[in-house]
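Every read-out reported here was derived from the displayed coordinates using simple, explicitly stated rules and does not represent laboratory data. Remember, predicted model here, so these are calculated numbers, not experimental data. Don't worry about glycine lacking a Cβ; one is built from the backbone with ideal geometry, like all the others, and counts go over all protein chains shown.
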Amino acid sequence: MKKLFIDYDKCLSCKNCDAKCSYFLHPENDGITSLREEIAFLLACRRCEDHPCINVCPTTALKREEGINKRSRFLCISCKSCYLACPFGTILPEIIPYIIGRCDLCLGRLKENEIPLCVETEKCDAIKFLEESEIEDNENIYKIGENLIVKCFSYIETYGLKK
Ligand code: SF4
Ligand code: SF4
């Protein structure tokens, strides 16, 4: 079964994602934005013990749960303080918007031979819809759930940082 594939290392260099979203509640690309946030906290975050991002948050929107930072979208006011506090550039300003919609990976919404709109509209070749066997470079590949595959350099895996 085909899955969404995101090359997050490519995504990192892009400030203005062209990807559109077909989910009727967030057609302005909030789907991919939500996935970029999830990937950043899961794979790019260094999981600092003193977590300046969490300490600086004025609304307690950022918390660490089971070793991974999570942002409460109902508490976050998108002040971007966490973006300024992170010494590693993990939190990009564009991935913490005030209003965000969750990506549903187009599950159950695609007809045969259709591809997600984000894959069709994105111009950097960072988002693909493919079979796992079609991934050519197997370095730094991670599965998030059943239907998302990510390519991302992970400091946690590479340097054995605290999980
Ligand atoms: S952007 Fe949101 S999560 Fe980040 S510091 Fe501000 S309120 Fe907290
Ligand atoms: S400061 Fe940056 S790297 Fe450290 S825990 Fe927060 S998001 Fe992760």
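A few points about this structure:
- Aspartates and glutamates whose Cα lies under 15 Å from that of Lys15, excluding same-chain neighbours fewer than 8 positions away: Asp7, Glu28, Asp30, Glu37, Glu94, Glu122, Asp125
- Net length gained if the chain between Glu157 and Thr59 were fully extended (0.36 nm per residue, minus Cα distance): 32.2 nm
- Segment Ile115-Phe74, length gained on full extension (0.36 nm per residue, minus Cα span): 11.6 nm
- Charge dipole (debye, nearest 20) of the range 3-159; +1 at Cβ of Lys and Arg, -1 at Cβ of Asp and Glu: 760 debye
- Centre separation in Å (Cα based) which lies between the range 1-75 and the range 119-163: 14 Å
- Among the listed pairs Lys3/Lys123; Lys123/Lys151; Lys20/Lys128; Lys3/Lys63, those with a Cα-Cα distance over 21 Å are Lys3/Lys63.
- Sequence-separation-based contact order of the range 3-159, relative, with Cα cut under 8 Å and 6+ spacing, percent: 39 percent
- Neighbours of Thr121 by Cβ distance under 9 Å: Lys/Arg scored +1, Asp/Glu scored -1, total -1.
- Size descriptor, Kirkwood hydrodynamic radius, that averages inverse alpha-carbon separations across the chain, Å: 16.5 Å
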